[in-house]
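The values are calculated or read from the model by the stated rules, or taken from the named source; none is laboratory data. Owing to the predicted nature of the structure, the values given are computational and were not obtained by experimental measurement. Here the Cβ positions follow ideal geometry from the backbone for every residue, glycine too, while neighbour counts run over all protein chains shown. Side chains included, ligands, DNA and RNA excluded: accessible areas come from the protein's heavy atoms. Shrake-Rupley method; radii C 1.70, N 1.55, O 1.52, S 1.80 Å.
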Amino acid sequence: MLKLRVKEIAEAQNINRSQLQIKSGVTIALLNRYWHNNTTEVRLEALEKIAKALGVKASELLVEEEDVGVA
């Protein structure tokens with residue numbers, strides 16, 4: 001399963017949601033979903049805007065986690 005690392009990377013840079021929303025230009029509702037990893041789909045355009053605002057590659061905002069309990 002893929003997990004978004006938006007919160008983790010932003011907090012490491014001392015950037016809060018409000019600051020990131022302003023820098024990236026994405027809606028606060030979308031950013032909140034990505035921040036809390038509470039989404040089933042990701043808009044690539046939005047992910048690229050967030051990555052640019054954080055100074056990272058879009059691929060760095062995603063990590064693959066092992067599924068626990070899946071046979």
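Here is a list: Glu45, Glu60, Glu65. Which entry is among the acidic types (Asp, Glu), more than 10 Å from the chain's Cα centre (by Cα) and open to solvent by less than 100 Å² (accessible area, probe 1.4 Å)?
From the options Glu45, Glu60, Glu65, the qualifying one is Glu65.
Answer yes or no: is there a residue in the range 22-30 that is open to solvent by less than 80 Å² (accessible area, probe 1.4 Å), out of contact with any Cys (no Cβ under 7 Å at 6 or more places or on another chain) and not aliphatic (A, V, I, L, M).
Yes: one or more hits.
Asn38 passes all but one of (1) free of Cβ contacts under 8 Å to residues at least 12 places away in the same chain; (2) open to solvent by 50 Å² or more (accessible area, probe 1.4 Å); (3) assigned to a helix (DSSP H, G or I); which number fails?
The one condition Asn38 does not meet is (3).
Show the residue pairs meeting these rules: Cβ distance below 8 Å; 6+ apart or different chains; first residue within the range 45-62 and more than 16 Å from Asn16 (Cα to Cα); second residue aromatic (Phe, Trp, Tyr).
Short answer, once both residue conditions are applied: Ala46/Tyr34; Leu47/Tyr34.
Can you tell me how many residues in the range 8-21 are open to solvent by 80 Å² or more (accessible area, probe 1.4 Å) and either more than 17 Å from Lys57 (Cβ to Cβ) or under 11 Å from the mean Cα position of the chain (by Cα) (or both)?
Within the range 8-21, residues that are open to solvent by 80 Å² or more (accessible area, probe 1.4 Å) and either more than 17 Å from Lys57 (Cβ to Cβ) or under 11 Å from the mean Cα position of the chain (by Cα) (or both) number 5.
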